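Notes follow the structure.
The values are calculated or read from the model by the stated rules, or taken from the named source; none is laboratory data. Since we're looking at a predicted model, the values are computed, not measured. In this analysis, Cβ positions are derived from the backbone assuming ideal geometry, glycine residues included, and neighbour counts consider all displayed protein chains.
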Amino acid sequence: MKSFYVTTPIYYVNDVPHIGHAYTTIAADVLARYHRQLGEEVFFLTGTDEHGSPAARAAERRGVTPQEHVDEMVVKFQELVRQVDASNDFFIRTTDAEHCRRVQEFIQRLYDQGDIYLKSYRGLYCSSCEAFYQEKDLDDGKCPDHGTEPELVEEENYFFRLSRYADRLERHYREHPDFVLQQSRYNEALSFIGGGLEDISISRATLKWGVPVPWDPEQVVYVWVDALLNYITALGYAGEEDLTGRFWPADYHLMGKDILKFHAVIWPAMLLAAGMELPRHLFVHGYLLMGGRKMSKTRGNVLDPFAVMEKYGVDAFRFYCFREVTFGQDGVVSLNGFETRYNSELANELGNLLSRVVAMIRKYREGVIPAPGGDSSLAGAAAELSRVVEEKMSVVDLSGCLEAIWGFVRSLNRHVEASAPWKLAREEERAGELDQVLYELAEGLRICAVYLHPFIPRTSVEILRRLGLEGQDGDLSIDGAAWGGLAPGGSVSDGDVLFAKLD
Ligand code: MSP
């Protein structure tokens, strides 16, 4: 069986989760669910990045130990994962003893083979990014991402011979033009390497909150090295047996553009040093913007995903994330835009369509899905949809995929209007035509439900239930979405309005 491994970044726990965290988690969930529908064996990993100075400082401010702080905060992130209906197979915490042990083993190996050495270092450090900056990369002396002044740090650190891997890394990029998606991000990633690579500090002497360097416990492992390793350590202990052989290399690491450099340079170089295969793809998405700026904890302009889901429901939230903003690019989100799409698309175009179709089958055919009389004009559109969904999902164009599905939802709405079943129902001799239209609408909805499943899983299962299907694995398979898969004779059932209209 083909395997599929997708990851989200692991989230910092210095503050509460926000919509940006929900966004990547849902994106990964969409991919994971889709690949399960293809019948693949899927491993979907998410989790939390709990070491490093922001977490340590947050704990200090609150007068608790770092461990107490992260134990408290992680609950909110696990809650977010649950509330967005993420179907993750494991939730890793970098404070897991199993993870820490594997991080130590990994860097010990690099140390033993001469890839790590001691050197004293002076540099400008932004502790929110957990990264060193060169003067020229600062905005007016401030961190371009956080708007705060980096501190001058001078310490004796362990360095990883990143420079040793520049050529091999560049070759990997040349040989794998789809290593980083999309093209502009690939170019950006390649440009990081093109300028040559300097060795990087991979330990901190002044920080206590981290994984101790095994041969020098006075230092802790740099939080990014610790964090990146989660993608392989998790496979070692998430299941009863070691899953590394089955799932590594990862198919997709999803991430926002701010953390591309770590994933595009440091991570693959670490893997090359360890003689491991590189992930197949890094997919970089943009930022959700509110009021024109990236939402960030440091800036305080965050939209609380819990409040949004509470008010609109989880599926509406998931839908909006990939409907409003082209996946891969930045895009503005707003409550206004949210409500507009909710009403016009979810409530009217989808919810209303389902209630009308179910109501007509009840009214005209006693709730039983009739047999179609012949070929359908919608079959071609369904076949085209199937082709487009496959094409878009194969390049992680989640919003393009959703757009195509929505085109099909709209064609069903047009079909209701054009065929006017209520008129056909008044003419006895057109009963065959009415059977045909009712079947087509039910079948069209079933197909929508299958393709919509990765995006709005609860709604998808509910649509199938109304059409007399269980919404079990078989009903959800992508292969089963081919036109004509709906067996006539099933009974439709009633239910609450899918999306109650907002005032
Ligand atoms: N802990 C690191 C990742 C380590 S992965 C080995 C980290 N954590 S984070 O919590 O700050 O960010 C996690 C992800 O959320 C990043 O991919 C980031 O781009 C994304 N987002 C944060 N704010 C965002 C938006 N406003 N919009 C979309 N995504 C955003 O970085």
request  = Kindly provide the set of residues from the range 227-253 that are away from the ligand (no atom under 11 Å from the Cβ) and assigned to a loop (DSSP other than H, G, I, E, B), ordered by number.
outcome  = A238, G239, E240, E241, D242, L243, W248, P249, A250, D251
request  = Just one of (1) part of a helix (DSSP H, G or I); (2) free of Cβ contacts under 8 Å to residues at least 12 places away in the same chain; (3) of a type outside the set (S, T, Y) trips up V81, so point out which.
outcome  = (2)
task = Find all pairs meeting these conditions: Cβ atoms under 7 angstrom apart; at least six residues apart or on different chains; first residue within the range 224-242 and over 14 Å from D89 (Cα atoms); second residue of a type outside the set (A, V, I, L, M, F, W, C) and modelled with pLDDT under 95.
result = W224/E130
inquiry  = It is to be established whether one or more residues within the range 72-90 are under 26 Å from R246 (Cα atoms), of a type in the set (V, I, T) and within 16 Å of the ligand (Cβ to nearest atom).
reply    = yes
task = Identify all residues within the range 128-163 that are touching an Asp or Glu at 6+ places or on another chain (Cβ under 7 Å) and either assigned to a helix (DSSP H, G or I) or surrounded by 14 or more Cβ atoms within 10 Å (Cβ to Cβ) (or both); write none if there are none.
result = C129, K142, D145, F159, F160, R161, L162, S163
task = Test each condition in (1) modelled with pLDDT under 95; (2) surrounded by 17 or more Cβ atoms within 10 Å (Cβ to Cβ); (3) closer than 30 Å to C448 by Cα for L45 and report the one that comes out false.
result = (1)
Every residue from the range 7-26 that is out of contact with any His (no Cβ under 7 Å at 6 or more places or on another chain), more than 7 Å from the ligand (Cβ to nearest atom) and closer than 20 Å to F262 by Cα = T8, V13, N14, T25
request  = Determine if the range 257-271 includes at least one residue that is touching a Leu at 6+ places or on another chain (Cβ under 9 Å), crowded, with 21+ Cβ neighbours inside 10 Å, assigned to a loop (DSSP other than H, G, I, E, B) and at pLDDT 95 or above.
outcome  = no
task = Within the range 44-64, identify whether any single residue is away from the ligand (no atom under 16 Å from the Cβ), under 30 Å from G245 (Cα atoms) and either assigned to a helix (DSSP H, G or I) or in contact (Cβ under 8 Å) with a residue 24 or more places away in the chain (or both), and answer yes or no.
result = no
message = Which numbered condition in (1) touching a Phe, Trp or Tyr at 6+ places or on another chain (Cβ under 6 Å); (2) surrounded by 20 or more Cβ atoms within 10 Å (Cβ to Cβ) is the only one that D29 fails?
response = (1)
remark   = Restricting the range 272-304 to residues that are at pLDDT below 95 and more than 11 Å from the ligand (Cβ to nearest atom), the one nearest to the chain's Cα centre (by Cα) turns out to be D304
query = Mind checking whether some residue in the range 201-208 is under 27 Å from H285 (Cα atoms) and among the small types (G, A, S)?
reply = no
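The rows are residues; the columns are (1) over 30 Å from the mean Cα position of the chain (by Cα); (2) not hydroxyl-bearing (S, T, Y).
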residue: P66; (1), (2): no, yes
residue: T95; (1), (2): no, no
residue: Y125; (1), (2): no, no
residue: S128; (1), (2): no, no
residue: Q134; (1), (2): yes, yes
residue: N157; (1), (2): yes, yes
ask   = Out of all the residues in the range 400-455, which are among the basic types (K, R) and closer than 15 Å to E384 by Cα?
value = R410
message = Just to be sure I understand, how many residues within the range 421-434 are farther than 14 Å from K363 by Cβ and either touching a residue at least 60 places away in the same chain (Cβ under 8 Å) or not in a helix (DSSP H, G or I) (or both)?
response = 2
task = Out of I361, I405, I369, report the one residue that is surrounded by 14 or more Cβ atoms within 10 Å (Cβ to Cβ) and in contact with a Cys (Cβ under 7 Å, 6 or more places away or on another chain).
result = I405
task = From (1) surrounded by fewer than 15 Cβ atoms within 10 Å (Cβ to Cβ); (2) in a helix (DSSP H, G or I); (3) modelled with pLDDT of 95 or more, pick out the condition that doesn't hold for G474.
result = (3)
key: Members of the range 306-338 found to be touching a residue at least 40 places away in the same chain (Cβ under 8 Å), surrounded by fewer than 17 Cβ atoms within 10 Å (Cβ to Cβ) and of a type in the set (D, E, K, R), listed by number   = D330
inquiry  = Looking at the range 477-496 only, could you name the residues that are under 25 Å from L434 (Cβ atoms), in a loop (DSSP other than H, G, I, E, B) and out of contact with any Phe, Trp or Tyr (no Cβ under 9 Å at 6 or more places or on another chain)?
reply    = A482, W483, G484, G485, A487, G489, G490, V492, S493, D494, G495
query = Scanning for something without any contact (Cβ under 8 Å) to a residue 12 or more places away in the chain, part of a helix (DSSP H, G or I), out of contact with any Pro (no Cβ under 7 Å at 6 or more places or on another chain) and over 30 Å from H35 (Cα atoms), does the range 393-411 turn up at least one residue?
reply = no
task = For the range 448-466, enumerate the residues that are of a type in the set (A, V, I, L, M) and either buried (at least 24 other Cβ atoms within 10 Å of the Cβ) or in contact with a Gly (Cβ under 7 Å, 6 or more places away or on another chain) (or both).
result = A449, V450, I456, V461, I463, L464
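Hey, among S184, S201, S191, which residue is surrounded by 20 or more Cβ atoms within 10 Å (Cβ to Cβ), among the hydroxyl-bearing types (S, T, Y) and more than 13 Å from the ligand (Cβ to nearest atom)?
S201
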remark   = Taking first residues from the range 9-30 that are assigned to a loop (DSSP other than H, G, I, E, B) and modelled with pLDDT under 90 and second residues anywhere that are of a type in the set (K, R) and within 9 Å of the ligand (Cβ to nearest atom), the pairs with Cβ under 7 Å that are 6 or more apart or on different chains are D15/K297; H18/K297
